[in-house]
Amino acid sequence: MPDLAKNISPKPIVLTISGHDPSGGAGIQADAEVITHFGCHPCSIITCLTIQDSQTVHRLIPINANDLLEQAQALFNDMDIAVIKIGLTGSIECVNAISTILKQHKNIPVIFDPVLACGDGTPLADKQLIDAIRTQLIPLTTVLTPNSIEAQQLSKLPAGTNIDELGGALTELGAQYVLITGGHEAETDVINRLYKNTQCVLTTTSTRLNGEYHGTGCTLASAIAALIAQGDSMMSAVEQASTYTFTSVKHAQQMGKGQRFPNRSQHD
């Protein structure tokens, strides 16, 4: 009998490197849901475990960096990975390990959501970790997707600095593109701004929804990663991912006692 599997094109593979959120609202599980939604295959490396619910992160438990490197070696020896998506890094040792991986695979696009705090504002990165991210990961990033607070912390510019200045400063650190999300701004709508070579090259606008949501950054960055893996252009990927994230948030569900979770399987 013929091998029918040979006639089926394999799905693009997206490697997500991030933390584990046991509530399922963010982190590795959220990434996998989005990547699957866009027709790609997710594989994953966990940077840290968390004691976490829908309200806050109670404790962060970093994974041994050598174990992270060993997982990566096993995956890259076995699979043709199209895109790498990075989220919560957890420790300087993990940042160094991730940097090593990216330098070994310079031809693979990198989408980096620099998670520096959880949704209620609890810090997940100190000054030393932020410095490591600035020097070790941002120069190796294809698309950096901070919110405006994270952009200010990473740029080291004063609070209240104009968004355009933040975007320009972060591209000067070496990221090819910087997408600053507008959820934390006081604007009537949520405006995401994409920068390249210090210039804003694209804006997307969506209606600001009432409420607090958990895992929106993971949703947006993973959608961009999956769309790039599928061969979309950068502009198209950012536009589609922004629309998908808005729709997921619009249909968000109250799963626990805290923030609502985006419904990543819902689409209009």
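The values are calculated or read from the model by the stated rules, or taken from the named source; none is laboratory data. Bear in mind the structure is a predicted one, so any value in this text is a computation, not a measurement. Because the Cβ atoms are built from the backbone with ideal geometry, glycine has one as well, and the counts that use them run over all protein chains shown.
Points worth noting:
- Matching residues, segment 4-38, being among the acidic types (Asp, Glu) and either assigned to a strand (DSSP E or B) or modelled with pLDDT of 95 or more (or both): Asp31, Glu33
- Filtering segment 111-142 to residues that are hydroxyl-bearing (Ser, Thr, Tyr) and buried (at least 18 other Cβ atoms within 10 Å of the Cβ) leaves Thr141, Thr142.
- Within segment 39-134, strands (runs of 3 or more DSSP E) holding 3 or more residues that are out of contact with any His (no Cβ under 7 Å at 6 or more places or on another chain) and closer than 19 Å to Gly174 by Cβ: 81-86, 110-112
- Scanning segment 208-242 for residues that are among the hydroxyl-bearing types (Ser, Thr, Tyr) and either closer than 14 Å to Gly182 by Cα or buried (at least 17 other Cβ atoms within 10 Å of the Cβ) (or both) returns Tyr213, Thr216, Thr219, Ser222, Ser242.
- Within segment 25-61, the set of residues being of a type outside the set (A, V, I, L, M, F, W, C), surrounded by 18 or more Cβ atoms within 10 Å (Cβ to Cβ) and more than 21 Å from Ala229 (Cβ to Cβ) comprises Gly25, Thr50, Gln52, Asp53, Ser54.
- Scanning segment 215-268 for residues that are charged (D, E, K, R) and either at pLDDT 95 or above or not in a loop (DSSP other than H, G, I, E, B) (or both) returns Asp232, Glu239, Lys250, Arg260.
- Within segment 155-171, one or more residues are over 19 Å from the mean Cα position of the chain (by Cα), basic (Lys, Arg), outside any helix (DSSP H, G or I) and surrounded by fewer than 16 Cβ atoms within 10 Å (Cβ to Cβ).
- Unique residue being over 20 Å from the mean Cα position of the chain (by Cα) and more than 27 Å from Ile101 (Cα to Cα) when the list is Arg208, Arg193: Arg208
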